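Step one of this worksheet: look at the structure below.
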Amino acid sequence: MFVKSLTIAASIASALAIKEAACPSSTNTELGEAVSGETFQTSTISTLGSGCCAYLAKSPIGNRLITPSDGSYTDRAAMQWSLAARLTPRCIILPQSANEVSQAITALVEANEHQTCQFAVRSGGHTCWPGAASIDYGVMLDLGYLNSTTYHKENSTASILPGARWGDVYDTLLPQGALAVGGRDPTVGVGGFLLGGGNSFYAAAKGYACDNVANFQVVLANGSLIDANAHTNSDLFQVLKGGSSNVGIVVRYDVYTFQAENLWGGIVTYPFSTATQQIEALVDFGDNLKNDPNSSAITFFTSTNLVNATSIINVYDYTKPVVRPAIFDKFLAIPGNLSDSTRIANLSNMVAELEQPDGFRDTFLTLTFASDVDILKKIVATHEELYSTLQAAKPKGNWTINTLFQPIPALFGQHGAAAGGNVIALDRFTDNLMLYQLYLAWQGADQDDLFNGKGRQAIKDIKAASVANHTDNPFIYLNYADRSQEPLEGYGDASVAKIKAASAKYDPHGVFQTLMPGGFKISLVDSDSNSTYPAQAAGLGNSPKVQVEVAASA
Ligand SMILES: Cc1cc2nc3c(=O)[nH]c(=O)nc-3n(C[C@H](O)[C@H](O)[C@H](O)COP(=O)(O)OP(=O)(O)OC[C@H]3O[C@@H](n4cnc5c(N)ncnc54)[C@H](O)[C@@H]3O)c2cc1C
């Protein structure tokens, strides 16, 4: 039973309170140090050997290199938010400036002339799937020490480095009376968030966070440092807004800021018996956003092994200090809430309430639909079936399944186009849409197949249902996509062509396609024997085979 003072952290985390340590998970036999309850196999990679990392150690970036024998390695290797995403790099480079990122890329490309030298790039490490921002045996380029936020009052912009977390960005800007469009969980990283879009409380008013970037400073594969903005390298500017890790490493984001104001909002929880009313209120809310774009709402259906019923959690936010604005009337008229934390507060306070617990194995999956009551009801029915199936399977440890809905009004695409365009290209669609996210959290690597398998099957079933009732939409939000999904394809042919063109122009040897296999790769979209990327055609790429080859050579 929920109590009135329940927050989202408490309500979701209540089911997840017992951490991985309570549930032995790893099947590794040669185990190294324990990290947050998870284990790393470090014993076989404790020396530099003669491969890639040894080469890097002798390069100009060598003084920023750590290996498993360094004390800080374990903490850095464990910076991935989801335990499922934590892999074991052979060495980690921690650059402290844009110039050092350039030195690192140059050294990695040179080293690769002698042996395969694959690397991963990590900013905040919040992608759930292994290999997106992590790597086994290869090199981790960890941008975590590039984490400052500098406010420029004279032109209302802020320069934010990729390893910053959104909570720190707000804490820096707020005392100076400013804010930027960013994440709703304080620990989410700036780097990946802005390259994948970035949904926020401000999205209906200002578009995705990437549409609020004035300039990207980027290190290209040849080590050069360039700007990408509306006037300089404008093709790259557009592609970086949604194109993720395909063209270069962003080492600084110059974003527009705006005057800080307190928000009204918080979390209101309800019993499952109100499900139909919640769905109707949410669809209505999404359709009304054009009349009051200062608003945002997320509706969660959340089920855990600890409480034998699904609960509903609504996150309301209004970006002005106005109590219970009229756009929320339909939601607020639903009787029987179990808790209500709505209040007037600043953004740091609002996002602190939404912090999600780490220390679990997690999967995000996503789809988009027309904003339609029937498909949402079908998704909730699928959620309930999934819940029953998992209860019957009796997984070990604690687990949670969350179905989240977030309106995507046509406004998002209009803001993107007005800001010079992005490759997400939501302006293709004139109707209001609804984003669906399935978020599963569990314990124990031996249960990965169970949860990943059930999650992927649910997505398949729901997609089929949406095709059948004509509510399907091709958009797959990259920042919530599982590795089994194809978000770049979902951007449409015109955007795929733009990303491919930028990749060929700015990275002609395909360094970010082959040496950096993590993330969603444009070379894997419609790839054929005419691939622009020689290493890919030769069989390198995002495949397990490469990991084995790297293991042997790194
Ligand atoms: C708890 C939680 C809350 C979230 N809340 C939100 C939310 O409110 N709104 C929303 O839209 N999304 C949200 N997300 C999703 C989030 O946007 C993505 O996980 C995003 O990738 C996080 O950015 P990161 O820097 O942590 O990414 P990382 O995992 O570090 O990187 C993501 C990808 O981008 C690449 N990359 C990272 N930095 C760079 C760089 N500087 N240059 C080139 N490539 C780079 C990586 O190699 C990787 O492929 C949330 C995720 C979690 C786990």
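Computed from the coordinates by the stated procedures, all read-outs in this text should not be read as laboratory data. As the structure is a prediction and not an experimental result, all values here were calculated from the model. Ideal geometry is used to build each Cβ from the backbone, glycine not excepted, and the neighbour counts take in all protein chains shown.
For segment 250-274, a residue qualifies if it is in contact with a helix residue (DSSP H, G or I) (Cβ under 6 Å, 6 or more places away or on another chain) and hydrophobic (A, V, I, L, M, F, W, C), and the qualifying residues are 251, 255, 260, 263, 267.
Out of the residues in segment 381-416 that are among the aromatic types (Phe, Trp, Tyr) and not in a helix (DSSP H, G or I), which is surrounded by the fewest Cβ atoms within 10 Å (Cβ to Cβ)? Only one residue fits best here, namely 405. If I filter segment 275-286 for residues that are within 16 Å of the ligand (Cβ to nearest atom) and small (Gly, Ala, Ser), do I get at least one hit? No: zero hits.
Restricting attention to segment 181-212, the residues that are over 18 Å from the mean Cα position of the chain (by Cα) and either under 21 Å from residue 134 (Cα atoms) or small (Gly, Ala, Ser) (or both) total 2. Taken over segment 417-472, the residue count meeting the criterion of being within 17 Å of residue 386 (Cα to Cα), in contact (Cβ under 8 Å) with a residue 24 or more places away in the chain and assigned to a helix (DSSP H, G or I) is 14. So, of the residues in segment 118-131 that are crowded, with 24+ Cβ neighbours inside 10 Å and more than 8 Å from the ligand (Cβ to nearest atom), which turns out to be farthest from the chain's Cα centre (by Cα)? The qualifying residue farthest from the chain's Cα centre (by Cα) is 118.
Output yes when any residue across segment 349-365 is among the small types (Gly, Ala, Ser), assigned to a helix (DSSP H, G or I), surrounded by fewer than 19 Cβ atoms within 10 Å (Cβ to Cβ) and within 16 Å of the ligand (Cβ to nearest atom), and no when none is. Yes, segment 349-365 contains at least one residue that is among the small types (Gly, Ala, Ser), assigned to a helix (DSSP H, G or I), surrounded by fewer than 19 Cβ atoms within 10 Å (Cβ to Cβ) and within 16 Å of the ligand (Cβ to nearest atom). Tally the residues that are part of a loop (DSSP other than H, G, I, E, B), of a type outside the set (A, V, I, L, M, F, W, C) and surrounded by fewer than 17 Cβ atoms within 10 Å (Cβ to Cβ), restricting the search to segment 332-345. So the count comes out to 2. Taking the criterion of being closer than 23 Å to residue 118 by Cα and surrounded by fewer than 24 Cβ atoms within 10 Å (Cβ to Cβ), the only residue of segment 488-500 that qualifies is 500.
Regarding residue 54, is this residue touching a residue at least 24 places away in the same chain (Cβ under 8 Å) and of a type outside the set (S, T, N, Q)? So residue 54 does not fit the description; no.
So, of the residues in segment 132-179 that are assigned to a helix (DSSP H, G or I) and of a type in the set (D, E, K, R), which turns out to be nearest to the ligand (Cβ to nearest atom)?
Taking segment 132-179 and keeping what is assigned to a helix (DSSP H, G or I), we get 153-155, 166-176.
Filter once more, keeping what is of a type in the set (D, E, K, R): 153-154, 168, 171.
Details: 153: 25, 154: 26, 168: 13, 171: 17 Å.
The residue in question is 168.
For segment 180-198, a residue qualifies if it is more than 6 Å from the ligand (Cβ to nearest atom) and surrounded by fewer than 24 Cβ atoms within 10 Å (Cβ to Cβ), and the qualifying residues are 186, 187.
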